[in-house]
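Report on one structure; see the data block that follows.
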Amino acid sequence: MSKSRDIADSAATINYIDGLTSAAQTQINTKSPLSNPTFTGTATLVGVAETYNSVTSTSNATSIDLDTGTNFSHTLTENTTFTFSNPATSGKVSAFTLKVTQDTSARTITWPSSVDWAAATAPTLTDTSGGVDVFVFITHDGGTTWYGFTAGQAMG
């Protein structure tokens with residue numbers, strides 16, 4: 001048997017799909033990989049969707065757990081210190097967004113010391129009632145360093 005014949009025999013074996021009717025199998029076997037198959041169903045395109053996680057503070061502490069998602073919101077009800085947990089291992093990237101809303105009093109945030117802000121200065125929070133600030137954080141070294149960015153301030 002020639003080499004091309006062995007490949008053809010192997011392809012015929014691979015092309016066989018258990019449980020198909022012979023008519024369906026014939027249709028599959030006669031289609032060229034470069035042909036344009038006809039789609040007769042309905043396709044719905046969707047973007048990436050995930051749960052928007054609301055986090056709360058307890059005893060002036062708020063935790064962002066990346067095992068639960070990558071989009072978070074927090075309404076300040078007290079001054080709080082954030083911690084970030086469960087980033088991807090070093091060499092992989094973890095990123096998340098955080099929307100912070102002031103309540104009726106101007107509250108403060110203490111960020112983890114691992115956050116590197118532009119010019120080594122954390123942003124000043126919007127201090128009006130209902131004021132919204134949005135932040136983005138990214139790490140590629142397992143959370144040793146988080147790069148913090150202000151995505152928007154005084155949004156609300």
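Residues in the range 47-73 that are without any contact (Cβ under 8 Å) to a residue 24 or more places away in the chain, assigned to a strand (DSSP E or B) and not small (G, A, S): N53, T58, T62, D65. T139 falls short of the stated requirement of being open to solvent by 70 Å² or more (accessible area, probe 1.4 Å), of a type outside the set (D, E) and at negative phi.
Just to be sure, is G131 under 19 Å from the mean Cα position of the chain (by Cα), of a type in the set (G, A, S), at pLDDT 95 or above and more than 17 Å from N71 (Cβ to Cβ)? No.
Residues of the range 89-110 that are hydrophobic (A, V, I, L, M, F, W, C) and open to solvent by less than 30 Å² (accessible area, probe 1.4 Å): F96, L98, V100, I109. Taken over the range 80-108, the criterion of being within 17 Å of the chain's Cα centre (by Cα) and of a type in the set (A, V, I, L, M, F, W, C) is satisfied by F84, A88, V93, A95, F96, L98. The C-beta contact set for the range 108-132 (first residue of a type in the set (F, W, Y), second residue outside any loop (DSSP other than H, G, I, E, B), distance under 6 angstrom, 6+ apart or interchain) comprises W111/F82; W117/G148.
State the number of residues belonging to the range 45-89 that are out of contact with any strand residue (DSSP E or B) (no Cβ under 6 Å at 6 or more places or on another chain) and either closer than 19 Å to I138 by Cα or polar (S, T, N, Q) (or both).
As a first pass, look at the range 45-89 and keep what is out of contact with any strand residue (DSSP E or B) (no Cβ under 6 Å at 6 or more places or on another chain): 45-51, 56, 58-59, 67, 76-79, 89.
Now narrow it down to the ones that are either closer than 19 Å to I138 by Cα or polar (S, T, N, Q) (or both): 48, 50-51, 56, 58-59, 67, 77, 79, 89.
Going through the range 45-89 one residue at a time, the tally reaches 10.
Annotation note: of T80, T51, T62, T56, the sole residue that is open to solvent by 50 Å² or more (accessible area, probe 1.4 Å), at pLDDT 85 or above and within 23 Å of G130 (Cβ to Cβ) is T56. Looking across the range 83-108, the residues that are outside any loop (DSSP other than H, G, I, E, B) and closer than 17 Å to S129 by Cβ come down to K99, V100, T101. Among the residues of the range 142-154, none is identified as free of Cβ contacts under 8 Å to residues at least 24 places away in the same chain and open to solvent by 30 Å² or more (accessible area, probe 1.4 Å).
The values are calculated or read from the model by the stated rules, or taken from the named source; none is laboratory data. Nothing here was measured: the structure is a model prediction, and the numbers come from that model. Heads up, the Cβs are rebuilt from the backbone with ideal geometry, glycines too, and the neighbour counts pull from every protein chain shown. Surface accessibility is based on the protein's heavy atoms, side chains included, excluding ligands, DNA and RNA. Shrake-Rupley method; radii C 1.70, N 1.55, O 1.52, S 1.80 Å.
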